[in-house]
Structures are given as C-alpha cells and as structure tokens.
Amino acid sequence: MNVLVINCGSSSLKFQLIDSTSENVIAKGLCERIGIEGSRLVYTPVVSGGNKVILEEAMPDHTKAVQMVLDALTNAEYGVVKSLSEIQAVGHRIVHGGEKFASSTLLTEEVIEGIKECSDLAPLHNPANLVGIEACRKLMPGVPMVGVFDTAFHQTMPEKAYLYGIPYSFYKEHKIRRYGFHGTSHKYVSQKAAELLNKPYDQCKIIVCHLGNGASVSAVSNGQCVDTSMGLTPLEGLIMGTRSGDIDPAIIEFIANKEGKSLGEIMKILNKESGVLGLSDGLSSDFRDLEEAYLKEGDVVGKRTLEAFCYRVAKYIGSYAVAMNGVDAICFTAGVGENSPIVRNIICENYLQFMGVEVDQELNGKRGQDLIISKNENGPKVLVIPTDEELMIARDTTELVK
Ligand code: AMP
C-alpha cells in the first residue's frame, strides 16, 4: 500500500510517500513559506533516483501546497505514480491528542472534532495539523486518513508520573498534566532497540534520548512508556536548541520584575532564546557550531553549554533507571543523538560508568546506522538508532486502513 505521510506546520508541510509493504520511501519533500512570499516546494523522487526538483510558486494556503505535492507526485516527467488512485491512504502527524487519543486513529468527523478540542493544549501546532487534514480531504475525497499523535505513546504513563504537584483541581478542570511529545520517535526507537538486543519488547527496560533541536527522554518498561521529560508542553525537561527545559517556575516572576517584561515576552524567551542558544550567549542553537567551539583550546562557551546539556541528559537517564528499577538499553536518536559522538561520550563516560557502561570509541565514531556502541558485557547497552517517525506513521496508517 502507498501511504502519503503528511507533517503540517503553520507555514510548512513535510511529506513522504511510502510503500508500506517494502517500507521504502518512494518520494519525499518539503513545502516552505506557505502563506508567505517566496514559497517553494523541494521534491525528491527517491525511487527513480531522480534529482531534487525545486518548484517556486505562490502557495497562499495549505490546500495549494497539497495540490502542488500531488501534482509533483503524478507529474509526467518526475512523478512517481501514474494517478492519485495509486495513493491508498494518508497518515497525518498530529502534535497533541490530549487524553482523548492513546493510539493512532482513523480520521472521522468525530475524531477531527476531538483534535480541535485539543487545540488549546497546542495552539500553534494542532490548528496547523487540522489545516493539512482539511486540505487533503478536499483534494483526495474518499481516501482514508489516519491521525498519528505525538502524545499517544506516552498515555500509558502512570498517574504518579503524569501528575504535577499542584492543586488536583487543575488536572480535573483543565487537564493540566504531563503529556510528553516525540512519542512516535520514542516508540520506533524503543521497538528497534528490543530487536537489536534480541529480547522481547515486553521484557525490556529502555531509555530513549531523543536529542534534536527539540529534545526529550523517555522510560519504556515492558513495551510501555512509564515516564518522559516533556510535560504539558514541549518546554519542560532537557535543555534544548532554544527551549530552556526545566527551570524554577519562580524565575518567571523574577525576570518580569527585574527586566519589566510581560508574561508573553518571557514565554517567548524561554521558548526561542534559551536552551543552548541562550546558554552560549547567542553563539548558536546548532550543536555543530557548539562542538567546534568546545574542541578549541581555551574555549569557555562551548564547554559550559555542552556540559550543561549533557549533565541534564545524564540526570534524566539516572532518574529513569530508578523509575524502572533497572535499565537494559540507553538509546540515542535524532539530529544530535545520532550524529554527535562528543555528546554521547560526555554523557556515557562522565556519568554512566558506575552502571557498567563502557563505550567503544571506534563504534561511537560511526554514523547513519543502527549500532550498539557499548562494549561492556554487563550493565546496560548503549545504542544509536536513527529515528524514522514517517515510517512509524505509515505503519500505523496501513494497519488501520487495511
Ligand atoms: P533534529 O531536530 O532531530 O532535526 O536535529 C537537528 C539538530 O541536530 C541540529 O540543530 C544540530 O544541532 C544537530 N546536528 C545535525 N547534524 C549534526 C552533526 N553532524 N553533529 C552534531 N550535531 C548535529
């Protein structure tokens, strides 16, 4: 079955057409600057080995963007299917499913209403996801569609992990609790880890460190997520590219008083100007730049930034090993987790040796494949697993549409 996987942002749309039988990517691409001047579609017909095609055309809305994607996929010269009838289903990435959606779901009117109701929990993301759904419904009537939620995998967390220490009425009345994000990635990587360990998924204790521009850690015990570092929103947890992660909530009032800033301004700082970008005094949110600085003799900025980032990751690994009363595997994934031997090394060498972790430096230097990089027989294994959220969305979509 050919599944079109759609990941819609407020001004962008990423897509992949996946043959869910062979699990091969047929074509992929990205629409940028939707609704903004200078919009373009970057399209790659992967299956034919064709070159990247760049189509610059005005995209006033997401419907036009989807139309351009469908036109590219069926184009006589660089298309990959003869007609739209060769696309049997669409899988949509949805950021927030609240407590309503604990698994992927066929998109019916009722489900779409449910996603709308979750919009106050993700006011930037869910409305964009919904616009993508509407555009596809308009242009591909009758094609079954599935919603795959970033929060769903974490819905198995027990109450003790998802409740905050605030009045319980806030949970009852407003559903303020930990939800967690990157769930599709945590699920894919933890399943893959069990495969690599050659152990049944439901008998493994796995910690997944999804370290990208956004970053989160999760604890997966016996095939179920039992804790994760992001919270009500993706702001909690690790120090990220530009997000602060955990801070003392009283800092918000303190900054408001000291700098005369509004709540909105402070939230913008915590989301967009903090994390490693803020810690490095504006040097960069990109770990490649921070690593370059870190490796320079006498460098202070790169060192303090990477060390603070890695320390926070290590603390979460420690606390999740305790939460699960043990750990079989610690996995690294996403942009930084997959590509930064330096970050993996600081975390494992400085903090995890007491658990018996020992990293093989040669294996740690490799890239782009599933790998076990630890050499210890006893103690948890350390794995690097390139994540594949699109494949996971295609799998769930196929399962539900069959
Ligand atoms: P993601 O959000 O998963 O796409 O990750 C994006 C981030 O990965 C970038 O902002 C970089 O900081 C980081 N990254 C990508 N490639 C490398 C690399 N070769 N070495 C270190 N960090 C990298």
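Every read-out reported here was derived from the displayed coordinates using simple, explicitly stated rules and does not represent laboratory data. For clarity, every value in this text was computed on a predicted model and none was experimentally measured. In this analysis, Cβ positions are derived from the backbone assuming ideal geometry, glycine residues included, and neighbour counts consider all displayed protein chains.
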**Message:** Just to be sure I follow: if Rg is taken over the C-alpha atoms of the range 221-334 and Rh is the Kirkwood radius over the same atoms, what is Rg/Rh?
**Reply:** 1.03
**Request:** Using a Förster distance of 35 angstrom, determine the FRET efficiency expected from the C-beta separation of ASN350 and LYS116, and round it to 0.05.
**Result:** 0.15
**Item:** Cα-derived Rg to Rh of the range 46-169, Kirkwood definition
**Value:** 1.08
**Prompt:** Cross-link list LYS14/LYS100; LYS272/LYS381; LYS160/LYS192; LYS14/LYS52; LYS192/LYS375: which exceed 23 angstrom alpha carbon to alpha carbon?
**Reply:** LYS14/LYS100; LYS272/LYS381; LYS160/LYS192
**Asked** Separation of the range 307-328 and the range 1-48 by C-alpha centroid, Å?
**Response** 35 Å
**Asked** So which aspartates and glutamates pass the test for LYS187, namely a Cα distance under 14 Å, with those fewer than 8 places away in the same chain ruled out?
**Response** ASP150, GLU195, ASP202, ASP227, ASP388, GLU389, GLU390, ASP396
**Prompt:** If you take the square roots of the eigenvalues of the alpha-carbon gyration tensor of the chain and sort them as a ≥ b ≥ c, do you get rounded (a/c under 1.5), prolate (a/b over b/c) or oblate?
**Reply:** rounded
**Prompt:** If each residue's Cβ is checked for other Cβ atoms within 10 Å, how do VAL46, VAL226 rank with the fewest at the top?
**Reply:** VAL46, VAL226
**Prompt:** Rg and Dmax of the range 113-189 over Cα atoms: what are they, in angstrom?
**Reply:** 15.2, 47
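Sort SER11, SER85, SER285, SER185 so the one with the fewest other Cβ atoms within 10 Å of its own Cβ comes first.
Neighbour counts put them in this order, fewest first: SER85, SER11, SER285, SER185.
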